[in-house]
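**Student:** Right, I'll just put the structure down here and ask away after.
Bear in mind that the values in this text are calculations on the coordinates, not laboratory data. Since the model is a prediction, treat every value here as computed from it, not as a measurement. Using ideal geometry, Cβ is built from the backbone for each residue, glycine included, and neighbour counts are taken over all protein chains shown.
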Amino acid sequence: MNPNYNYIDTELSAVNSILGSIGQAPVQSLDLENPEVSLIHNILQECTIDVLNEGWHFNTEPHITLQPDKDGYIYIPPNALSYDISEGQNYKLKDVVLRDGRLYDKTNHTFVFTNKLDIDVVWLYGFDADLTTDQENFGGTAWSKSSTAGQSIPSVFKRYIIAKACVKAANQLINNLQLVESLRTQETITRASCMEYECNCGDWSYLGTPESSIYNSYKPYITLSRN
């Protein structure tokens, strides 16, 4: 059994949840030839990208070391939503953007990189874990397959995406402000659950504890227990 319970919300069940929220009957399959199903599916995909573009702990991978190919180019897979040089706010020797599928250094005005580069990547995951872009050797650049292949969105984020898509569908397809506000309340609740998940999994600290380090904070309750 998958401990993340990602099988609960599939694209089909998500589409049916959105259809149900606007008073429409469920469908048995994702028949994208059906205009209504196709529209709802597009809304679901748009909301998925909108949510994942924020860069959460589960879909952000820091310090990926990239080796330029024989021409000095570093290619970026299409399911990388955003990327930046690791610690780029501290080291201003390079400033990278994507142009024509390759990294371009705006500081040195070149596509050619002579050394390895560490970047942080925000990945686009599939709703049904069916995003199969092969990163093992994309454009001559070695990518770790484990970074994205077969990955799925955590259930709490799926619920947020569905709630967000319900609001968008209601706004576009029906004229019922009361329903829209009710759905927006549910969207707010599911986002709050995502923030709780993010805080629990991210282990954030004002001290800025770096990756691969150990920090043992002072625990006041130990002192109190001595009295």
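**Student:** Which net charge results when you count Lys and Arg as +1 and Asp and Glu as -1 among the other residues whose beta-carbon is under 15 Å from that of Asn16? The partial results should precede the final answer.
**Tutor:** On the way: positive: Lys158, Arg159; negative: Asp9, Glu11, Asp31, Glu36, Asp128.
Taking every other residue near Asn16 into account, the sum is -3.
**Student:** Give me the net charge for the shell around Ala163: Cβ to Cβ below 12 angstrom, other residues only, Lys and Arg +1, Asp and Glu -1. Walk me through the numbers on the way to the answer.
**Tutor:** Working: positive: Lys158, Arg159, Lys164, Lys168, Arg184, Arg191; negative: Asp9, Glu187.
Every neighbour counted, the sum reads +4.
**Student:** Taking the alpha-carbon centroid of each part, what is the distance from the stretch 155-196 to the stretch 34-108 in angstrom?
**Tutor:** Cα centres, the stretch 155-196 to the stretch 34-108: 26 Å.
**Student:** Sticking with this one: What is the ratio of the Cα radius of gyration of the stretch 68-108 to 2.2 N^0.38 Å, with N the residue count, to two decimals? Walk me through the numbers before you get to the answer.
**Tutor:** On the way: Rg = 10.6 Å, N = 41, 2.2 N^0.38 = 9.0 Å.
Ratio of Rg to 2.2 N^0.38 Å for the stretch 68-108: 1.18.
**Student:** Follow-up. Please report the net charge: other residues with Cβ closer than 13 Å to the Cβ of Arg184, K and R +1, D and E -1.
**Tutor:** On the way: positive: Lys164, Lys168, Arg191; negative: Glu181, Glu187.
Once positives and negatives cancel, what remains is +1.
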